[in-house]
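**Q** Before anything else, here's the structure in question.
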Amino acid sequence: MDVVLEKKLSGYKQIALEKLDNILLTIFGRKDLVVEPEIIRILDSFANMTWLKSKGFDKVYKLSSSLPPKTKTLVYMIFANLVTFKHVLDQISLLKSSSSSENDGIKEFHIIVVPSLFFVFRNLVESEGLAGIVSLHGFSWDFIKIDRNLLLLEIPSTFQQVFIQKDKSLLSSIAKSLRVFTMVHKRPNMILTCGENSEKVIDMLTQLKKPSNDENPDFNVMVVIDRDVDYPSCLLTPVTYSGLMLELFDMKAGILNIEGDNKIVDGKIDILKEESKNLESHDDIKTLRMCGTSDELYTANKYKHFAEVVNLIKAESKNLEQEKRKYSRDMNLEQMKDFVEQNLPKVAAQKKILYKHLIICEKIVQEMSLNFEKLQNVEEMILRNENRKQIISFIDENMSTNAHKFNVLRLMALFHIFNGYSGDETNRLIHNYLNAFGQKNLYIFHNLFKAKLFPDILRPNTKNLMTIASNLTKKTQFMTDAIKFKLIPINESEIPDKKKSTSTKTCPSYVFNDNYIPFIAQVAHNLLQAQNFQDISTKFANFDMKILKNGENSIKSLKSIQNLNSFPLKPKSIFIFVIGGITYAEVAACKMIESLTGSTIVLASDEVTNGINLVKSAF
């Protein structure tokens with residue numbers, strides 16, 4: 001990546017600081033900050049405690065059910081969630097009523113709402129009788145740089161709000177952040193959208209920013225894609241190291257939390273839960289930084305196949321042991337001094353990092369190895385539309401022997417997308433799921449339907465169900481499109497030899513055990529390899545893609561364009577934004593495309609997600 005572009009991507013931190021500083025300039029005097037717990041780690045990535053103290057903050061508290069200590073000015077920072085906002089207003093009402101005198105009471109209340117301040121919040125302040133007492137501010141940090149080629153907005157619950165609740169209010173925040181992006185990097189020569197939400201975001205972007213003929217933009221093409229265009233990249237089980245990390249642990253602002261119960265343990269029914277190891281006594285292994293270059297071991301191995309990573313970590317352990325043995329009693333005093341000052345601190349730091357990775361690898365093997373190979377085979381059968389009865393039996397079996405309330409639904413959703421269900425199969429799976437996890441979970445299937453992850457259980461399409469029942473080899477529309485777009489390697493020449501070393505892989509399908517290529521990786525590859533516009537219009541024909549050319553202010557259907565003199569792409573630079581979350585498997589696949597084509601691909605989304613997080617949104 002170009003050094004100038006690297007600096008620009010790192011510059012979003014300064015933009016966030018300036019935007020926050022502009023808000024704080026309107027809040028005078030000494031103050032205390034009450035922060036929603038989910039925000040703390042994100043805030044620390046661009047505004048640490050030293051910076052906050054320089055802006056007049058004395059103390060920082062986590063938002064909880066307890067009232068914060070009284071001070072003259074109290075500033076809250078929360079996500080744009082109505083329930084959380086109401087909780088804050090209740091606290092403010094209690095603090096005002098508990099003030100015994102004018103000198104004792106808090107003089108000012110401020111609420112900073114992330115990423116946008118919606119009209120409903122102002123209405124709620126007035127209805128609670130706090131107008132004139134509480135000042136409201138909207139704040140967005142825009143992009144947080146997580147890795148060399150990965151930017152996140154870190155807006156939680158975007159998938160849930162946009163794709164399940166059908167609440168489009170967050171789309172305006174995404175459009176505003178993309179506007180900042182076009183101001184920093186100039187507007188790309190071509191913007192492509194895939195999905196109704198992506199189209200709405202770009203419509204908003206054109207209204208926020210006047211069209212211009214920007215010369216020499218940092219990115220030739222911007223692609224904005226809805227998450228529901230490619231669910232399999234979330235639902236399939238990844239085999240890369242970074243992908244498997246997210247299968248077990250949560251990440252926020254590039255920091256992996258490896259403390260307490262992991263996602264696998266958390267999703268199992270109580271009777272199957274085993275007592276997990278307590279990590280509280282080990283302060284050094286509570287978190288692992290997945291951003292920056294401080295952890296060379298992670299940086300070198302994050303996109304590699306997990307089997308390869310385990311062997312490399314073992315080798316690293318042996319190397320460290322040899323490094324420690326370099327110390328000898330036969331050394332003279334000068335040699336000992338050099339060893340203690342130079343080698344010893346380096347070895348100690350590497351040992352701490354290595355220990356974290358050993359713990360993570362141990363957890364991955366412990367939690368996933370028992371069922372992993374069988375699961376991979378079942379996922380491959382789903383993708384190939386084979387052994388239908390065996391797959392259904394495997395899902396049923398998992399509800400009793402390996403009952404995980406999220407992963408079972410994840411597999412059911414994957415089957416629905418590729419193969420579809422008959423009425424009997426739908427009823428059977430719902431019945432068994434409710435028996436395993438409780439009747440209270442019936443609503444989940446309706447939520448999954450709203451996100452296109454399950455059939456409609458309220459108004460089933462009888463004709464469609466009968467068709468599927470009579471023809472069990474029928475392909476869904478998604479499978480048909482996936483085969484045409486070569487997301488599923490079907491020819492021998494397209495399937496890398498699984499017996500080969502994972503380091504020799506040259507197909508991005510390796511991230512899913514050579515079974516599936518993420519949609520965004522295939523889009524990027526086609527754009528980079530296209531010699532003319534006809535190449536693109538032909539290959540993207542099955543997808544309702546829209547295009548916005550530089551200097552224009554209206555989106556057009558890609559099918560309506562006769563010709564476009566933008567190919568081949570020069571320079572080979574693409575920016576891709578996924579609405580609803582991106583996976584590390586997709587990041588790894590795009591990194592391979594980038595390496596193979598000598599291009600620059602920068603990815604962005606509202607957050608990093610995976611199959612468990614996706615399905616969990618329905619709860």
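**Q** Looking at (1) within 29 Å of Pro568 (Cα to Cα); (2) part of a helix (DSSP H, G or I); (3) of a type in the set (A, V, I, L, M), which is the one condition that is false for Val224?
**A** All conditions pass for Val224, except number (2).
**Q** Oh, and also: Does region 165-189 hold any residues that are open to solvent by less than 10 Å² (accessible area, probe 1.4 Å) and among the β-branched types (Val, Ile, Thr), and which are they?
**A** Ile174, Thr182
**Q** Oh, and also: Residue by residue through region 355-385, note down the ones that are surrounded by fewer than 20 Cβ atoms within 10 Å (Cβ to Cβ), among the acidic types (Asp, Glu) and either touching a residue at least 60 places away in the same chain (Cβ under 8 Å) or in contact with a Ser or Thr (Cβ under 9 Å, 6 or more places away or on another chain) (or both).
**A** Glu380
**Q** Any idea which residue in region 192-247 is nearest to the chain's Cα centre (by Cα), counting only those that are open to solvent by 10 Å² or more (accessible area, probe 1.4 Å) and β-branched (Val, Ile, Thr)?
**A** Of everything passing the filter in region 192-247, Val229 is nearest to the chain's Cα centre (by Cα).
**Q** Which of the following residues is modelled with pLDDT of 80 or more, under 22 Å from Leu603 (Cβ atoms), of a type in the set (Gly, Ala, Ser) and part of a helix (DSSP H, G or I): Ala482, Ala436?
**A** Values: Ala436 fails: under 22 Å from Leu603 (Cβ atoms).
Unique residue meeting the criteria: Ala482.
**Q** Out of Ala16, Ala47, which single residue is closer than 22 Å to Ile255 by Cβ, touching a Lys or Arg at 6+ places or on another chain (Cβ under 9 Å) and open to solvent by less than 10 Å² (accessible area, probe 1.4 Å)?
**A** On the way: Ala16 fails: touching a Lys or Arg at 6+ places or on another chain (Cβ under 9 Å).
The unique qualifying residue is Ala47.
**Q** Right, something else. Looking at this structure, is Asn398 in contact with a strand residue (DSSP E or B) (Cβ under 8 Å, 6 or more places away or on another chain), free of Cβ contacts under 8 Å to residues at least 40 places away in the same chain, of a type in the set (S, T, N, Q) and not in a loop (DSSP other than H, G, I, E, B)?
**A** Values: in contact with a strand residue (DSSP E or B) (Cβ under 8 Å, 6 or more places away or on another chain): yes; free of Cβ contacts under 8 Å to residues at least 40 places away in the same chain: yes; of a type in the set (S, T, N, Q): yes; not in a loop (DSSP other than H, G, I, E, B): yes.
Yes; evaluated as a whole, the condition is true for this residue.
**Q** Scan the helices (runs of 4 or more DSSP H) fully inside region 1-59 and keep the ones with 3 or more residues being touching a residue at least 12 places away in the same chain (Cβ under 8 Å).
**A** Values: elements: 3-10, 12-24, 37-44, 49-54.
Here the list reads 3-10, 12-24, 37-44.
**Q** Please indicate, with yes or no, whether at least one residue in region 515-522 is within 30 Å of Thr158 (Cα to Cα) and over 24 Å from the mean Cα position of the chain (by Cα).
**A** Going through region 515-522, the residues within 30 Å of Thr158 (Cα to Cα) turn out to be 515-522.
Checking the rest, the ones that are also over 24 Å from the mean Cα position of the chain (by Cα) come to none.
Checked against the condition, which is being within 30 Å of Thr158 (Cα to Cα) and over 24 Å from the mean Cα position of the chain (by Cα), region 515-522 yields no hits at all.
**Q** Oh, and also: Do we find that Asn542 is closer than 25 Å to Leu448 by Cα and open to solvent by less than 10 Å² (accessible area, probe 1.4 Å) in this structure? Explain how you work it out, then say what you get.
**A** Values: closer than 25 Å to Leu448 by Cα: yes; open to solvent by less than 10 Å² (accessible area, probe 1.4 Å): no.
No; evaluated as a whole, the condition is false for this residue.
**Q** Could I ask something else about it? Looking at Lys86, Lys59 in this structure, which one is surrounded by fewer than 17 Cβ atoms within 10 Å (Cβ to Cβ), closer than 20 Å to Pro115 by Cβ and in contact with an Asp or Glu (Cβ under 9 Å, 6 or more places away or on another chain)? Outline the logic, then answer.
**A** On the way: Lys59 fails: closer than 20 Å to Pro115 by Cβ.
Only one candidate passes the filter, namely Lys86.
**Q** So which residues in region 89-129 are at pLDDT 90 or above, farther than 17 Å from Glu38 by Cα and open to solvent by less than 10 Å² (accessible area, probe 1.4 Å), if there are any at all?
**A** Leu89, Gln91, Ile92, Phe109, His110, Phe121, Val125
**Q** Hey, can you tell me all the residues within region 381-424 that are within 18 Å of Cys234 (Cα to Cα) and among the polar types (S, T, N, Q)?
**A** Asn407, Asn419
**Q** Let me ask something else. Collect the residues in region 19-44 that are out of contact with any strand residue (DSSP E or B) (no Cβ under 8 Å at 6 or more places or on another chain), acidic (Asp, Glu) and open to solvent by 50 Å² or more (accessible area, probe 1.4 Å), keeping them in residue-number order.
**A** Asp44
**Q** For region 485-509, enumerate the residues that are modelled with pLDDT under 90 and either touching a Cys at 6+ places or on another chain (Cβ under 9 Å) or of a type in the set (Phe, Trp, Tyr) (or both). Break it down into steps so the answer makes sense when it comes.
**A** Here is the first cut: in region 485-509, the residues modelled with pLDDT under 90 are 489-506.
Correct list: Pro489, Glu494, Ile495, Pro496.
**Q** Suppose we filter region 568-619 for residues that are outside any strand (DSSP E or B), of a type in the set (Gly, Ala, Ser) and farther than 30 Å from Lys166 by Cβ; how many remain?
**A** Keep residues of region 568-619 that are outside any strand (DSSP E or B), which gives 568-572, 580-581, 583-599, 606-607, 609-619.
Pick out the ones that are also of a type in the set (Gly, Ala, Ser) and you get 580-581, 585, 588-589, 595, 598-599, 611, 617-618.
Checking the rest, the ones that are also farther than 30 Å from Lys166 by Cβ come to 588, 595, 598-599.
Residues that pass the stated criteria total 4.
**Q** Can you tell me which residue is nearest to Leu614 (Cα to Cα) among those in region 551-598 that are of a type in the set (Ser, Thr, Tyr), open to solvent by less than 40 Å² (accessible area, probe 1.4 Å) and touching a residue at least 60 places away in the same chain (Cβ under 8 Å)? Before you say what the answer is, go through the steps one by one.
**A** Filtering region 551-598 down to residues of a type in the set (Ser, Thr, Tyr) leaves 554, 557, 560, 566, 573, 583-584, 595, 597.
Add one more test, that the residue is open to solvent by less than 40 Å² (accessible area, probe 1.4 Å), and what stays is 557, 566, 573, 583-584, 597.
If we keep only those that are touching a residue at least 60 places away in the same chain (Cβ under 8 Å) as well, we get 566, 573, 583-584, 597.
Values: Ser566: 36, Ser573: 29, Thr583: 11, Tyr584: 14, Thr597: 31 Å.
That would be Thr583.
**Q** Out of the residues in region 416-435 that are polar (S, T, N, Q) and within 16 Å of Ile392 (Cα to Cα), state the one that is surrounded by the most Cβ atoms within 10 Å (Cβ to Cβ). Can you show your working first?
**A** Taking region 416-435 first, the residues polar (S, T, N, Q) are 419, 422, 426-427, 432, 435.
From what's left, within 16 Å of Ile392 (Cα to Cα): 419, 422, 426-427, 432.
Values: Asn419: 25, Ser422: 19, Thr426: 21, Asn427: 13, Asn432: 17.
Only one residue fits best here, namely Asn419.
**Q** For region 436-454, name all the residues that are open to solvent by 20 Å² or more (accessible area, probe 1.4 Å) and closer than 22 Å to Arg388 by Cβ.
**A** Ala436, Phe449, Lys452, listed by residue number.
**Q** May I pose another question? Among all residue pairs at least 6 apart or on different chains, which show Cβ distances below 7 Å where the first residue, located in region 251-274, is of a type in the set (Asp, Glu) and the second is at pLDDT below 80 and not in a helix (DSSP H, G or I)?
**A** Filtered contacts from region 251-274: Glu259/Leu279; Asp261/Ser276.
**Q** Next question, about the same structure. As an exercise: evaluate His110 against (1) in contact (Cβ under 8 Å) with a residue 60 or more places away in the chain; (2) closer than 30 Å to Tyr584 by Cβ and give the number of the one condition it does not meet.
**A** Only one criterion in (1) in contact (Cβ under 8 Å) with a residue 60 or more places away in the chain; (2) closer than 30 Å to Tyr584 by Cβ is unmet by His110, namely (2).
The values are calculated or read from the model by the stated rules, or taken from the named source; none is laboratory data. Computed from a predicted model, the values in this text were never measured in an experiment. FYI the Cβ positions are ideal-geometry reconstructions off the backbone, even for glycines, and counts take in every protein chain you see. Accessible surface is based on the protein model in full, side chains and every heavy atom, while ligands, DNA and RNA are left aside. Shrake-Rupley method; radii C 1.70, N 1.55, O 1.52, S 1.80 Å.
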